[in-house]
Amino acid sequence: MSLAGEFKEFIARGNVVDLAVGVIIGGAFGKIVTSLVDQVIMPPIGWLIGGVDFAELKYTLPTSPLNPNGEPAVIEYGAFINTCIQFLIVAFVIFMMVKVVNRLRREQAAEPEAAPSSTDALLIEIRDELKKRP
């Protein structure tokens, strides 16, 4: 098989398409979570602790003696806090989705098989009697 044929077969598999859809949806979901954290969750938290804007929290290191005219290094720990909160939200949503899927699978596995109809039961009985005969 040629390289093009193998690639076409690989792309045509359902799980590759599912993965691509998951990546696209995940990217869009990530933007929603970022907006939720930056514009909805963090402002009230900052307000509660004294009007702090977490996105602006940073620590500026002293100017380097090796480059006194250069820009000082900045540690933006507020942005890191926002990113950690975003991660926790995404992880929680994924956990809840997996929990729902697992519950649905358990319910589906626990469903008893339907009892055979009276006609089917009679045919099964006749079959079993015929098997007993020599």
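The values are calculated or read from the model by the stated rules, or taken from the named source; none is laboratory data. What you see is a predicted model, and the numbers here were worked out from it, not measured in a lab. Quick reminder, even Gly has a Cβ in these numbers, built from the backbone with ideal geometry, and neighbours come from all protein chains shown. Side chains included, ligands, DNA and RNA excluded: accessible areas come from the protein's heavy atoms. Shrake-Rupley method; radii C 1.70, N 1.55, O 1.52, S 1.80 Å.
Here are the numbers for this structure:
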quantity	calculated
Filtered residues of the stretch 101-121 (kept if at pLDDT 80 or above and not in a helix (DSSP H, G or I))	Ser117
Flag if Pro116 is farther than 15 Å from Ile41 by Cβ and surrounded by 11 or more Cβ atoms within 10 Å (Cβ to Cβ)	yes
Selection within the stretch 47-77 - among the hydrophobic types (A, V, I, L, M, F, W, C), closer than 18 Å to Val37 by Cβ and either part of a loop (DSSP other than H, G, I, E, B) or open to solvent by 100 Å² or more (accessible area, probe 1.4 Å) (or both)	Trp47, Leu48, Ile49, Val52, Leu57
